[in-house]
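S.K.: Here it is, the structure in full.
Read-outs: derived from the displayed coordinates by stated rules, not from any lab. Note that the structure is predicted; figures quoted are calculated from it, not measured. We place every Cβ from the backbone using ideal geometry, glycine too, and count neighbours over all the protein chains shown.
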Amino acid sequence: MKPPQKKTFTWRAITESRIFLPVVLLLLVLLFDFLFIPGFFNIENRDGDLYGSLIDILRNGSAVSLLAIGMTLVIATGGIDLSVGAVMAIAASVAGILMNPSALRNEVFFVTDPMYTFAPLWIVIGAALLAGILCGLWNGMLVAFMKIQPMVATLVLLTAGRGIAQLITNGLRVQITYRPFALIGQGWFILPFSLYIVVFMLIVTTLLTRKTALGMFIESVGINVRSSYFSGIKEKYVRLIVYVFCGFCAAIAGLVACSNVRTSDANNIGLLFELDAILAVVIGGTSMNGGRFNLVASIVGALVMQAVTQSMYAIGVPAFALQAIKAVVVIIVILLFSEQVRGFFRSFGAQKKEVKS
Amino acid sequence: MMQRLSTFISNNRKIIPMTTTAVLAVAAYLIGMAYFEGLRNPQVFLNVFRNTSYILISAIGMTFVILSKGIDLSVSGVVALTTVVSAALLRDDWNPWAVILLVLLIGMSLGLVMGCFIVYLKVQPFIATLAGMWFARGMCFFISDNAIAIDNSTFKILGQTQLLIPGLKELADKAGTPAPYISIPVVVGFVLLAAAFYMAHYTRFGRNVYAIGGNQQSARLMGLPVNRTLLMVYTFNGFCSAMAGLAFALFVSSGHGLYAPGFEMDVIASVVIGGTLLSGGSGYILGTLFGVMVLGITQVLIQFIGSLSSWWTKIVIGVLMLAFIGVQAVLANRKTGEKALDPQAARLRRQRLAVGLGTAVVLVVLAIIFVPKLSSSSAGNTPEAECVVVPFRKEDAAALIADGAVIAYNRIAGPNCVDEMYAIYPDGRVTGDNAVSQVKKQVTSAEVELLMATISDEYGWYTNEIRDTYHHPCRQCYAHYLIVNRNGQEKGVTAVDGGVNMPPNYGFSLSIIRPLLPVINPAP
């Protein structure tokens with residue numbers, strides 16, 4: 001018998017781990033901030049609540065982090081969900097119209113009462129989440145039961161979703177004045193409230209996927225659908241579940257986003273967020289072909305993008321030019337993930353071992 | 001009989017999606033003609049092509065990409081970059097032909113670089129072209145933050161030349177109506193279409209693309225130049241995107257980095273509706289033309305119906321896409337022989353057929369709901385096909401502020417192409433004029449005071465700042481120019497509905513200002 005391998009903390013084990021690359025990237029970005037942006041790490045304490053650039057990264061990244069949780073599972077099954085941005089808009093529209101239905105009468109009316117709402121808060125949130133789940137169910141049905149390519153199936157909702165959202169709000173921007181709802185995106189309990197939502201969703205999802213067999217089923221479906229089917233996994237239901245879950249996460253993200261700007265704007269909420277979310281998952285090391293996934297790595301991926309954004313703002317790069325910087329980050333990630341560079345890391349680790357022996 | 005029908009469908013299943021699209025496009029237009037006088041004008045039909053020329057140009061390149069089992073999200077970015085680069089260079093008095101050549105080269109090299117990433121680094125096309133889109137859009141803002149107008153005689157000629165159609169001209173002369181015409185980008189689109197048709201179906205390159213899309217592994221094993229072909233496909237698409245960007249620049253005669261948001265999805269949708277499978281290897285260039293036509297005709301119909309908002313276009317396109325995916329999936333699965341008897345496959349086919357039929361039913365229901373609306377809105381209701389967006393009346397606004405107004409607000413464009421200027425005075429006087437008629441309204445000065453207090457205190461929305469995020473309004477959006485003046489400080493904002501970079505709480509401020517304004521009836 002071989003002795004138990006003692007490679008838990010070797011160089012190779014660390015570099016091969018899924019979370020290594022996103023964390024290194026995040027650290028690199030933070031190092032850059034540390035060197036070039038004075039006061040980036042300052043955290044202010046205002047009446048017990050913490051403010052600062054680092055907190056902003058966490059807060060502004062929360063919507064994409066939520067999307068990334070759902071998207072990770074979808075991508076792990078070998079699928080993709082392009083409709084999350086549109087689902088965010090639908091959920092936000094449902095929530096907005098339930099709190100301020102004046103748009104349905106084709107008028108924008110100004111509510112001075114900060115406690116005015118048409119429906120109670122739990123109905124507002126419940127209806128928005130239900131809308132997200134229904135959207136996810138639709139995507140899941142198309143992908144799992146109709147066997148339509150995920151990219152095409154979700155493209156339908158991407159195209160039609162924003163139209164549906166505008167149908168709900170009658171094409172108007174719905175202003176949300178209801179204070180308790182604003183808490184979701186703007187509230188602060190020492191740390192921003194949206195951060196707690198992300199952490200809660202992360203813990204729940206991790207428990208669901210790692211303490212039950214669901215996570216293994218998802219990876220198995222992503223690696224090989226046919227063999228999963230033959231080994232008795234109901235692959236259709238696994239796929240359905242991940243799309244429903246992704247819709248659910250998108251609805252939460254939509255609530256966070258529209259509560260943050262206190263406006264339910266069907267045109268702009270979640271615009272192009274699907275791309276950010278997919279990118280976060282890819283930075284997190286989940287292969288677009290499906291297979292193994294790591295939720296924490298995906299969230300770190302989302303934070304990397306947000307940290308880049310925040311530091312560029314701090315330097316004073318205009319908001320739109322940021323996209324070029326984002327592209328550069330993507331290219332760096334692509335290069336780091338390419339076989340050549342991975343091979344280099346491996347050979348480097350191997351050399352070290354040789355030296356030791 | 002059923003047997004023969006079934007065989008017929010099986011034998012022709014490759015061209016059925018394309019034919020369906022073509023039939024649908026023609027049928028939709030004919031039905032529209034029955035309801036609306038205006039659609040019988042040949043110029044309106046030609047406008048479908050004029051308004052979608054840049055989509056067609058880009059969709060041709062995208063068809064090749066999708067045939068090779070790839071996808072290109074960067075087209076909208078390249079379009080925006082092309083408009084900005086050409087506008088900026090023309091502003092610096094470059095030779096227009098050199099500019100055109102240069103932007104085409106930029107587009108091709110961007111395509112080539114993305115192709116290299118996809119081919120040699122084995123990056124997913126989705127990710128590589130996403131990076132390309134962000135890069136191109138970001139570069140626009142390194143060149144210019146604001147929209148740059150194109151004021152060049154050559155570009156004007158290219159954009160505004162009216163090419164008369166020989167046969168139709170005589171007919172129009174007889175009827176005494178202005179002769180219908182098309183624009184140069186339309187001709188470019190059709191020439192490109194013909195070239196692409198030849199390339200796809202009569203050259204080695206085209207066959208390679210189909211083979212790679214069908215199965216890249218076997219294409220490689222057959223000894224086809226997979227890498228080179230894929231590079232060519234992405235380069236060609238970059239060329240088409242740049243060409244589409246030029247057509248777009250001629251269309252709006254300006255350049256800005258925010259142009260054409262979500263354009264790539266329009267393009268992909270029209271390719272899919274045109275019958276090309278996103279799984280690659282199957283589809284026709286000609287189908288793309290019909291896909292684009294469906295898109296254009298949907299827009300025109302919705303414009304003519306008038307009571308429907310522009311977002312119905314998106315919903316209709318989504319439903320159409322679903323229907324076509326259903327039809328295609330059924331047809332793609334259709335095999336003669338034993339395979340058809342396989343119960344699993346048969347069930348799948350039934351399910352897909354159900355989806356296809358279901359969406360068809362949805363369409364019919366939608367039609368039934370809206371046909372009464374169609375007939376009720378009078379046939380004479382022909383919206384202006386061309387709406388010239390006037391510039392903001394900034395001097396007038398400044399004059400109003402100097403006159404003592406606290407808020408000056410100019411709203412332009414929108415579906416009816418309005419040009420309204422409002423002013424709110426501290427004593428409660430509210431005036432509005434749309435360059436034709438003038439209206440007045442009196443509110444209490446307390447209301448104005450509350451309004452100003454809300455804007456400044458509640459929303460923190462006034463500093464001595466001028467903010468300009470204007471870009472060309474879509475055909476349904478309004479463009480707003482707002483100046484708020486309080487305690488000697490002034491804040492000006494230029495923005496368009498649906499712009500992505502509004503200042504914080506701008507929407508709130510506008511929404512509480514608008515109820516105070518008088519209603520201006522559109523000019524008779």
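S.K.: How would you classify the stretch B:155-246 from its alpha-carbon gyration tensor, with a ≥ b ≥ c the square roots of the eigenvalues: rounded for a/c under 1.5, else prolate if a/b is greater than b/c, otherwise oblate?
M.R.: Working: a/c = 5.68, a/b = 2.62, b/c = 2.16.
Prolate.
S.K.: To check my understanding: the extent here is largest minus smallest coordinate of the Cα atoms along each principal axis. What are those three numbers for the stretch B:1-112, in Å, largest first?
M.R.: Here the spans come out as 68, 42, 20 Å, largest first.
S.K.: Any number yet on Rg/Rh for the stretch A:290-330, C-alpha, Kirkwood?
M.R.: Working: Rg = 12.5 Å, Rh = 11.2 Å.
That ratio is 1.11, to two decimals.
S.K.: OK, next. By the gyration tensor of its Cα atoms, with a ≥ b ≥ c the square roots of the eigenvalues, what is the shape of the stretch A:125-280: rounded for a/c under 1.5, prolate for a/b over b/c, or oblate?
M.R.: On the way: a/c = 2.71, a/b = 1.49, b/c = 1.82.
Because a/c hits 1.5 or more and a/b fails to exceed b/c, the stretch A:125-280 counts as oblate.
S.K.: Now for a separate question. Does the stretch B:49-291 come out rounded, prolate or oblate, given a ≥ b ≥ c as the square roots of the eigenvalues of its C-alpha gyration tensor, rounded meaning a/c under 1.5 and, failing that, prolate meaning a/b above b/c?
M.R.: Numbers: a/c = 2.27, a/b = 1.30, b/c = 1.75.
Oblate shape, in that a/c is at least 1.5 and b/c is the bigger or equal ratio.
S.K.: Could you give the dipole magnitude of the stretch A:44-336 about its Cα centre, charging the beta-carbon of Lys and Arg +1 and that of Asp and Glu -1, in debye to the nearest 20? Provide the component values of the computation, followed by the final result.
M.R.: Values: 16 positive and 12 negative charges, 140 e Å.
The calculation lands at about 680 debye.
S.K.: Convex hull over the Cα atoms of the stretch A:200-335, averaged projected area in nm²? Write out the running numbers ahead of the final one.
M.R.: Values: hull surface 39.4 nm².
For the Cα atoms of the stretch A:200-335, the hull's average projected area reads 9.8 nm².
S.K.: For A:Gly52, enumerate residues with amide H under 5 Å from its amide H, sequence gap 5+ or separate chain, H modeled in the peptide plane.
M.R.: A:Glu44
S.K.: Continuing with this model, one more query. Using Cβ contacts closer than 10 Å as the measure, can you line up A:Val328, B:Val406 from fewest to most? Numbers along the way, then the final one.
M.R.: Values: A:Val328 15, B:Val406 21.
Fewest to most other Cβ atoms nearby, the residues stand as A:Val328, B:Val406.
S.K.: Hey, another quick one. Can you pick out the pairs among A:Lys147/B:Lys314; A:Lys234/B:Lys122; B:Lys14/B:Lys169; B:Lys394/B:Lys441; B:Lys69/B:Lys156 whose Cα atoms lie more than 28 Å from each other?
M.R.: Working: A:Lys147/B:Lys314 24 Å; A:Lys234/B:Lys122 32 Å; B:Lys14/B:Lys169 38 Å; B:Lys394/B:Lys441 22 Å; B:Lys69/B:Lys156 38 Å.
Going by Cα-Cα distance, A:Lys234/B:Lys122; B:Lys14/B:Lys169; B:Lys69/B:Lys156 fall outside the 28 Å limit.
S.K.: Arrange the following residues from fewest to most other Cβ atoms within 10 Å of their Cβ: B:Asp151, B:Asp72. Let's see the in-between values first.
M.R.: Numbers: B:Asp151 12, B:Asp72 32.
Going from least to most buried by this count: B:Asp151, B:Asp72.
S.K.: Using θ = phi - 60° and the Karplus relation 6.51 cos²θ - 1.76 cosθ + 1.60, list the HN-Hα couplings for the stretch A:142-156 in order, rounded to whole Hz, with x at every Gly or Pro.
M.R.: So the J values, rounded to whole Hz, are 4, 6, 7, 9, 8, 6, 8, 3, x, 5, 6, 4, 7, 4, 4.
S.K.: In addition: So what J values fall out for the stretch B:65-76 if you push phi through Karplus, 6.51 cos²θ - 1.76 cosθ + 1.60 with θ = phi - 60°, rounded to Hz, Gly and Pro as x?
M.R.: Using θ = phi - 60°, the values come out as 4, 6, 4, 8, 6, x, 8, 10, 8, 7, 4, 5 Hz.
S.K.: Given only helices, namely DSSP H runs of n ≥ 4 each adding -39500 (n - 2.57), what is the per-residue ellipticity at 222 nm of chain A, to the nearest 500 deg cm²/dmol? Let's see the in-between values first.
M.R.: Working: 16 runs with 236 residues, N = 357.
Dividing the helical sum by the residues of chain A leaves -21500 deg cm²/dmol.
S.K.: Which ³J(HN,Hα) values, rounded to whole Hz and listed in residue order, are derived for the stretch B:193-206 from phi using the Karplus coefficients 6.51, -1.76 and 1.60 in 6.51 cos²θ - 1.76 cosθ + 1.60 with θ = phi - 60°, glycine and proline given as x?
M.R.: 4, 4, 4, 5, 4, 4, 4, 6, 10, 10, 10, 5, 4, x
S.K.: Relative contact order (percent) for the stretch B:196-314, with alpha-carbon contacts under 8 angstrom and 6 or more residues of separation? Mind dumping the intermediate values first?
M.R.: Working: 88 pairs, mean separation 25.4, N = 119.
Relative contact order of the stretch B:196-314: 21 percent.
S.K.: Rg to Rh ratio, chain A, alpha-carbon atoms and Kirkwood radius? Write out the running numbers ahead of the final one.
M.R.: Numbers: Rg = 21.8 Å, Rh = 21.6 Å.
The Rg/Rh ratio comes out at 1.01.
S.K.: Just rank B:Leu289, A:Leu202, fewest to most, by other beta-carbon atoms within 10 angstrom.
M.R.: Numbers: B:Leu289 27, A:Leu202 18.
Ascending Cβ contact count within 10 Å gives the list A:Leu202, B:Leu289.
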